[in-house]
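Engineer: Handing you this structure, nothing more for now.
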Amino acid sequence: MSGHGTPIPMSSHRADPLTGVAEVPGDKSISHRSLILGAMAVGETKISGLLEGDDVLDTAKAMQAFGAEVVNHGGGNWSVHGVGVGGFAEPEQVIDCGNSGTGVRLIMGCMATSPISVTFTGDASLNGRPMARVTDPLALFGAKTVGRKGGRLPMTIVGAPEPTPVRYVVPVPSAQVKSAVLLAGLNVPGQTVVIEKEATRDHSERMLAGFGAEITVEDSDEGRVITLTGQPELKPQEIAVPRDPSSAAFPVCAALITPGSDVLVPGIGLNPTRAGLFYTLQDMGADLTFENMREEGGEPVADLRAKYSPDMKGIAVPPERAASMIDEYPVLAVVASFATGKTMMAGVKELRVKESDRIDAMARGLRANGLTVDEGEDWWSVEGLGPDGVPGGGTCESFLDHRIAMSFMVMGMGAKNPVTVDDGNPITTSFPIFEPLMTGLGAKLSKG
Ligand code: S3P
């Protein structure tokens, strides 16, 4: 759905000690892929633990528009009756992906090698984001695109009637671009090869293999070489979506900066392509431990225990870790505000083209709350004010960006004065139960 309705300001007041168990919702990346791959399989895929945030619900609607039968059975249980690779019908209406870059880019990929034409749009945030990074490789398959200036949505893609396979080196570290090319390659005879110089989240590779596609991954001098054999028959799956490490980041970071806190966040995937934040927090001296380490569905999983950590130090975050924590820099910057000394975050140009320009959005909000922030095109740094030193009291713009809104709500929990965002509505895109979950732990959030 485009837009998030009338803006509703949201404030976070200094919290009581945060305690208890924080059961965060299903992983957003895996939820999108479950619906999309389910729609491309033959037969019924059953999904439990689906994230029912706006982003994923928009993808569910889109899959229905392409002819798949998507049913919500309640309680996070969904089923998708797929139409098979190459079986997508041409939607009658414009596909509205709301706020979701993952939704629109992956769906563009999976329709681009079928002989159908589809028009995509989104909210003001999504319609400002670059799509050429996806439409450029899709053009190599033979798809044609007409969009707005700068490769922006709304945009129509005319799928290639006779697609030919592609060998593509992804020029930016982006799992969305990688995944769009792989999904396009599904409906192409022969082998599609995608090479990424830096490893990004690998859910598409793992799930394509799970659905029965022939896919190999090899490390070479060029990078990670992913080879997909086209035109498989994807077999329906039963998928239990793991909890989202990117959502877990919020209760974890809130506990670290709120005096007296001790929070358990159970069942969080520690897939190395996603877990960079947790190692960074440990490097800063956070009291964050991984309990009950185990394997689930071939992925490492742990219960995270986060306790108030007044002794954290600012660090230089290793740039090579950026892809594994790209969505977590906003909330890391909040933690850095409560650490002693400077935290330097480099190699993070991609933050400028997320749901908002996240370096700019965070820098403005942090400054409004008494912090000193420096920034360049590819880096930014925050001067920590120590465990009891963050004044707060500022109002920040959330720029239609869920992670900006949630990060500033976390900041308010440990700051001396309340922190306000002009609009809390975007939070429902990825973490619809954020408010009751955080309030249940001891947070003091107010609206209006
Ligand atoms: C995602 C990839 C990342 C990430 C986004 C989810 C995915 O985006 O920021 O939240 O599910 O593939 P990029 O591909 O733009 O890095």
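The values are calculated or read from the model by the stated rules, or taken from the named source; none is laboratory data. Only a predicted model underlies this, so the values are computations on that prediction, with no experimental measurement involved. Note that each Cβ is placed from the backbone with ideal geometry, even for glycine, and that neighbours are counted across all protein chains shown. Quick note on the areas: whole protein, heavy atoms, side chains included, nothing else; ligands and nucleic acids left out. Shrake-Rupley method; radii C 1.70, N 1.55, O 1.52, S 1.80 Å.
Engineer: Under a Cβ-only charge scheme (Lys and Arg +1, Asp and Glu -1), can you give me the dipole magnitude of the chain about the Cα centre, in debye to the nearest 20?
Structural biologist: 620 debye
Engineer: On to the next question. Compute the helix-to-body angle for 101-111: its Cα long axis versus the longest principal axis of the chain, expressed 0 to 90° and rounded to tens.
Structural biologist: So the inclination is approximately 10 degrees.
Engineer: Tyr279: net charge of surrounding residues, Cβ under 13 Å, Lys/Arg +1, Asp/Glu -1, itself excluded?
Structural biologist: Taking every Cβ under 13 Å from that of Tyr279, the sum is -1.
Engineer: Can you tell me the 0 to 90 degree angle between the C-alpha axis of helix 28-40 and the longest principal axis of the chain, rounded to 10?
Structural biologist: Once rounded, one gets 10 degrees.
Engineer: Which value, in Å to one decimal place, does the Kirkwood hydrodynamic radius take for the chain when every pair of different Cα atoms is included?
Structural biologist: Taking the inverse mean of 1/r over all distinct Cα pairs, the chain comes out at 21.9 Å.
Engineer: Give the ranking of Lys149, Lys46 by solvent-accessible surface, highest area first, calculated with a 1.4 Å probe.
Structural biologist: Lys149, Lys46
Engineer: If you don't mind, there's one more thing I want to ask. Hey, if you drop one equal point scatterer on each alpha-carbon of the range 215-324 and run the Debye formula without solvent, what base-10 log of I(q)/I(0) do you get at q = 0.09, 0.10, 0.13, 0.14 Å⁻¹?
Structural biologist: Values, matching the q order: -0.33, -0.40, -0.62, -0.70.
Engineer: Which number gives the lysine pairs in the range 338-448 that have C-alpha atoms under 27 Å apart and are eight or more places apart or on different chains?
Structural biologist: Value for the range 338-448: 5.
Engineer: Just subtract the alpha-carbon distance of Val94 and Asn292 from 0.36 nm times their residue separation and send over the number in nm, one decimal. Display every interim value, and only then the final one.
Structural biologist: On the way: separation 198, 0.36 × 198 = 71.28 nm, distance 4.61 nm.
The span from Val94 to Asn292 would gain 66.7 nm if fully extended.
Engineer: Also, quick follow-up: What size of dipole, in debye to the nearest 20, comes out for the range 296-394 about its Cα centre when the only charges are +1 on Lys and Arg C-beta atoms and -1 on Asp and Glu C-beta atoms?
Structural biologist: Details: 11 positive and 17 negative charges, 63 e Å.
Computed about the Cα centre, the dipole is about 300 debye.
Engineer: So if I take the centroid of the Cα atoms in the range 123-152 and the same for the range 9-85, what is the distance between those two points in Å?
Structural biologist: Centre-to-centre distance over Cα atoms comes out at 25 Å.
Engineer: Continuing with this model, one more query. Give me the Kirkwood hydrodynamic radius of the range 113-171, using the inverse of the mean 1/r over all pairs of distinct Cα atoms, in Å to one decimal. Don't skip to the answer; put the middle values down first.
Structural biologist: Working: mean 1/r = 0.0842 Å⁻¹.
Evaluated on the range 113-171, it is 11.9 Å.
Engineer: Moving on. Decide, for the range 298-448, between rounded, prolate and oblate: order the square roots of the alpha carbon gyration tensor eigenvalues as a ≥ b ≥ c, take rounded if a/c falls under 1.5, and otherwise choose prolate if a/b is larger than b/c, else oblate.
Structural biologist: rounded
Engineer: Ordering Glu92, Glu218, Glu198 from largest to smallest accessible area (1.4 angstrom probe), what's the sequence?
Structural biologist: Heavy-atom accessible area, descending, gives Glu92, Glu218, Glu198.
Engineer: Using DSSP, restrict attention to beta bridges with both residues in the range 218-370 and report what percent are antiparallel, rounded to the nearest 5. Display every interim value, and only then the final one.
Structural biologist: Working: 17 of 21 bridges.
That works out to approximately 80 percent antiparallel.
Engineer: Still on this structure, please answer the following. About its Cα centre, what dipole magnitude does the range 10-103 give when the only charges are +1 on Lys and Arg Cβ and -1 on Asp and Glu Cβ, stated in debye to the nearest 20?
Structural biologist: With Lys and Arg at +1 and Asp and Glu at -1, about 220 debye.
Engineer: Give me the percent relative contact order of the chain, please, defined on Cα pairs under 8 angstrom at least 6 residues apart. Mind showing how you got there, number by number?
Structural biologist: Numbers: 1183 pairs, mean separation 90.4, N = 448.
Relative contact order, the chain: 20 percent.
Engineer: Sort Lys235, Lys28, Lys342 by heavy-atom solvent-accessible area, probe 1.4 angstrom, most to least.
Structural biologist: Result of the area sort, largest leading: Lys235, Lys342, Lys28.
Engineer: Something else: Determine the calculated [θ] at 222 nm for the chain from helices alone, applying -39500 (n - 2.57) to every DSSP H run no shorter than 4 residues and normalising by the residue count; nearest 500 deg cm²/dmol.
Structural biologist: -8500 deg cm²/dmol
Engineer: Convex hull over the Cα atoms of the range 10-140, averaged projected area in nm²?
Structural biologist: That works out to 10.3 nm².
Engineer: Antiparallel DSSP bridges in the chain: what percent, to the nearest 5?
Structural biologist: Looking only at bridges with both residues in the chain, the antiparallel portion is about 75 percent.
Engineer: What's the angle, to the nearest 10 degrees (0 to 90), between helix 402-414's Cα axis and the longest principal axis of the chain?
Structural biologist: Rounded to the nearest ten degrees, it is 20.
Engineer: Please compute the length gained on full extension between Asn72 and Asp303, using 0.36 nm multiplied by the number of residues separating them and subtracting their Cα-Cα distance.
Structural biologist: Full extension from Asn72 to Asp303 adds 80.3 nm.
Engineer: What is the Rg over Rh value, at two decimals, for the range 167-261, using alpha-carbon atoms and the Kirkwood definition of Rh?
Structural biologist: Rg divided by Rh gives 1.13.
Engineer: Another question, if that's okay. Whole Å is fine, so just give me how far the alpha carbon centre of the range 385-448 lies from that of the range 277-347.
Structural biologist: 19 Å
Engineer: Amide H of Ala240 versus every other amide H placed in the peptide plane: which residues, excluding those fewer than 5 positions away on the same chain, fall under 5 Å?
Structural biologist: Close amide H contacts, sequence-distant or interchain: Ser48.
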